[in-house]
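The structure appears below as structure tokens.
The values are calculated or read from the model by the stated rules, or taken from the named source; none is laboratory data. On a predicted model such as this, the values are computed, not experimentally measured, just so you know. Cβ placement follows ideal geometry from the backbone for every residue including glycine, while neighbour counts extend to all protein chains displayed. Remember, those area values only see protein heavy atoms, side chains included, never the ligands or the DNA or RNA. Shrake-Rupley method; radii C 1.70, N 1.55, O 1.52, S 1.80 Å.
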Amino acid sequence: MKFGPIPDTIDAYIATFPSKVRAILKKIRATAKKAAPKATEKISYRMPAFFQNGVLIYFAAFKNHIGIFPPVRDDEQLLEQIAPYAGPKGNLQFPLDKPIPFNLITRIVKLRLKQNLARATKPKPRSRKGKPAAS
């Protein structure tokens, strides 16, 4: 990932990379949009991100790979399939010299969307006095 002026849009972020990497980033963006059409896009932590009831996915280009964040949790079958791409702290690293598994990115975004919606609709715990518990 390049460190210079912080891009203020995903388009500006993508524009800073060579054409081969730009094509991959554009396809990741389109994949995430298709998997979560109501999600909002923004730059967060200097990376493109999709949000809906919380973060769905961050993605970033590095010298030799594309990073996908945050780590996937609570889906054993998906965890097995993404294991070859596991990087530090459970984040994913897709090597630029190999085909990017866009189908896995779709599944990751859909899983995160499902998890976020479940959290958003879960009733808040109540204190003993009938007021929501402090967080």
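Tabulated data
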read-out: Count - residues of the stretch 8-22 that are free of Cβ contacts under 8 Å to residues at least 40 places away in the same chain, open to solvent by 60 Å² or more (accessible area, probe 1.4 Å) and part of a helix (DSSP H, G or I); value: 4
read-out: Residue list for the stretch 91-112, filter: in contact with a strand residue (DSSP E or B) (Cβ under 6 Å, 6 or more places away or on another chain), closer than 17 Å to Asp74 by Cβ and among the aliphatic types (A, V, I, L, M); value: Leu92, Val109
read-out: Matching residues in the stretch 27-69 - criterion: being under 17 Å from Gly87 (Cβ atoms) and in a strand (DSSP E or B); value: Met47, Ile57, Tyr58, Phe59, Ala60, Ala61, His65, Ile66, Gly67, Ile68, Phe69
read-out: The stretch 80-105, residues that are without any contact (Cβ under 8 Å) to a residue 12 or more places away in the chain and either part of a loop (DSSP other than H, G, I, E, B) or under 18 Å from Ala35 (Cβ atoms) (or both); value: Lys98, Pro99, Asn103
read-out: Residue selected from the stretch 70-79 under the condition open to solvent by less than 40 Å² (accessible area, probe 1.4 Å) and hydrophobic (A, V, I, L, M, F, W, C), by the criterion farthest from Ala36 (Cα to Cα); value: Leu78
read-out: Subset of the stretch 23-57 that is polar (S, T, N, Q) and touching a residue at least 60 places away in the same chain (Cβ under 8 Å) - its residue that is most open to solvent (accessible area, probe 1.4 Å); value: Asn53
